[in-house]
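The next block holds one structure in the form of structure tokens; read it before the comments.
The values are calculated or read from the model by the stated rules, or taken from the named source; none is laboratory data. Values in this document were obtained by computation on a predicted structure and should not be read as measured data. Virtual Cβ from ideal backbone geometry, glycine too; neighbours counted across all protein chains shown. Areas reflect the complete protein model, heavy atoms only, side chains present, ligands, DNA and RNA absent. Shrake-Rupley method; radii C 1.70, N 1.55, O 1.52, S 1.80 Å.
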Amino acid sequence: MGGNALIEAVPACRGKSTILVVEDDVLSRMAVSEELREHGYSVIEAATGDEALCVLQGPTRVDLLLTDMRMPGALDGCALARHVRAALPFVKIVMVSGQVPEADAYG
């Protein structure tokens, strides 16, 4: 997801908002996090759904969850999003994926 497309996909949040970026690919996670920080967001990074869940259960309020859909571990992005929706309904959720199903790849 490129710079401008990423910022357009993330809902505008007033004030200092915290975004939890969950992505197992370290380079993608770093690039997304850097872009968001450059636009004034506070960013917390997690490599897995399990790690993200620990962050969400901690003291820091997360305003938006930006998660990859496919990740290793007990919680993929979809399971993480379902958990967040049930436990923390105030958290906005944006789900992304770098993989397009083959049937959709060519339109």
Solvent-accessible surface ranking, highest first, for Lys92, Lys16 at 1.4 angstrom:
Lys16, Lys92
Taking the Cβ of Phe90 as the centre, find all other residues whose Cβ is under 12 Å away and add up their charges (Lys, Arg: +1; Asp, Glu: -1).
+2
Leaving ligands, DNA and RNA out of it, rank Cys78, Cys54 by accessible area with a 1.4 Å probe, largest first.
Cys54, Cys78
